[in-house]
Amino acid sequence: MNIAENTTTLLQEIPEHVQLVAVSKTKPNKQIMEAYQAGQRVFGENKIQEMVAKYESLPKDIQWHMIGHVQSNKVKYMAPFVHLIHGVDSLKLLKEINKQGAQHHRCIDCLLQLHIAQESSKFGFSEAEALEALSFSQTLENLKVVGLMGMATFTEDQDQISREFKRLKNFFDKFAPDFPQLQVLSMGMSGDYPLAIAQGSNMIRVGSKIFGVRNY
């Protein structure tokens, strides 16, 4: 597994307007540095404590994205440095991020997670809830909702995945005129990012195509 080569290939393959988030969860610092040396600067983690440890020991020009489900009581640990929090799925979480942003004198960027998959196990707002959360976020000074994200159903059915991505893109296009701060549409992972890009994604989260299959 040549991590540097995989990273370089992916960076060359995806369109220029698409940001690559290298999903580095469970991966050691040595492997992250191989991707870093190939030019990658954006890494995604799903456990806050692991991300804090990596932030403290790796180069400071890395942008750390929190891509896992976030518990409100853990926000304080990443508030000083996190670059983007992906799956924001409740008003309670928005309030806590804003509170921690204020304590650290910064405005924290977030994405609202919309529920587009058929699986009930996936988190996320409905369209009506997302609209309410967007409106509510306008009242918060230390938080900025900069985009939307969603995860497709885990299925081999490419048409279904495309439809779900298209649905999220339609939400994005509907909200964007009233909320000009929405710039990021994050959808697509190692198995489906070409479909996501085709449907309008400008941020993809890729792990196994860079680092290989994960051992849990």
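Please treat every number below as a calculation from the coordinates, not as lab data. Because the structure is predicted, anything quoted here is derived from the model rather than measured. FYI the Cβ positions are ideal-geometry reconstructions off the backbone, even for glycines, and counts take in every protein chain you see.
Things worth noting here:
- Test for ALA102: is it over 29 Å from PRO194 (Cα atoms) and small (Gly, Ala, Ser): yes
- Each residue in segment 1-25 was checked for being of a type in the set (D, E, K, R), loosely packed, with under 15 Cβ neighbours inside 10 Å and not in a helix (DSSP H, G or I), and 1 pass.
- Restricting segment 65-84 to residues that are closer than 18 Å to GLY147 by Cα and surrounded by fewer than 22 Cβ atoms within 10 Å (Cβ to Cβ) leaves a set whose member that is nearest to the chain's Cα centre (by Cα) is GLY68.
- Of the residues making up segment 37-49, at least one is β-branched (Val, Ile, Thr), in contact with a strand residue (DSSP E or B) (Cβ under 9 Å, 6 or more places away or on another chain) and farther than 17 Å from ILE210 by Cβ.
- Cβ-Cβ contacts under 6 Å between residues 6 or more apart (or on different chains), taken from a first residue in segment 75-97 that is touching a residue at least 24 places away in the same chain (Cβ under 8 Å) and closer than 18 Å to VAL23 by Cα to a second residue that is surrounded by 17 or more Cβ atoms within 10 Å (Cβ to Cβ) and β-branched (Val, Ile, Thr), are listed as MET78/ILE48; HIS86/ILE67.
- Some residue of segment 98-105 being more than 26 Å from PHE165 (Cβ to Cβ) and touching a Pro at 6+ places or on another chain (Cβ under 8 Å): yes
- With respect to (1) surrounded by fewer than 17 Cβ atoms within 10 Å (Cβ to Cβ); (2) in contact (Cβ under 8 Å) with a residue 12 or more places away in the chain; (3) not hydrophobic (A, V, I, L, M, F, W, C), the lone exception for PRO28 is condition (2).
- The listed residues are VAL145, VAL184, and the only one of them that is crowded, with 17+ Cβ neighbours inside 10 Å, in contact with a Cys (Cβ under 6 Å, 6 or more places away or on another chain), among the β-branched types (Val, Ile, Thr) and closer than 20 Å to ILE67 by Cα turns out to be VAL145.
- Some residue of segment 40-61 being buried (at least 17 other Cβ atoms within 10 Å of the Cβ), in contact (Cβ under 8 Å) with a residue 12 or more places away in the chain, within 26 Å of ALA196 (Cα to Cα) and among the hydroxyl-bearing types (Ser, Thr, Tyr): no
- In segment 1-56, residue farthest from the chain's Cα centre (by Cα) [restricted to those that are over 17 Å from HIS86 (Cβ atoms) and of a type in the set (Asp, Glu)]: GLU5
- Qualifying residues in segment 165-216 (those that are part of a helix (DSSP H, G or I) and of a type in the set (Val, Ile, Thr)) - the one nearest to ILE3 (Cα to Cα): ILE210
- One residue alone among GLY68, GLY39, GLY44 is farther than 28 Å from LEU143 by Cβ and of a type in the set (Gly, Ala, Ser), and that residue is GLY39.
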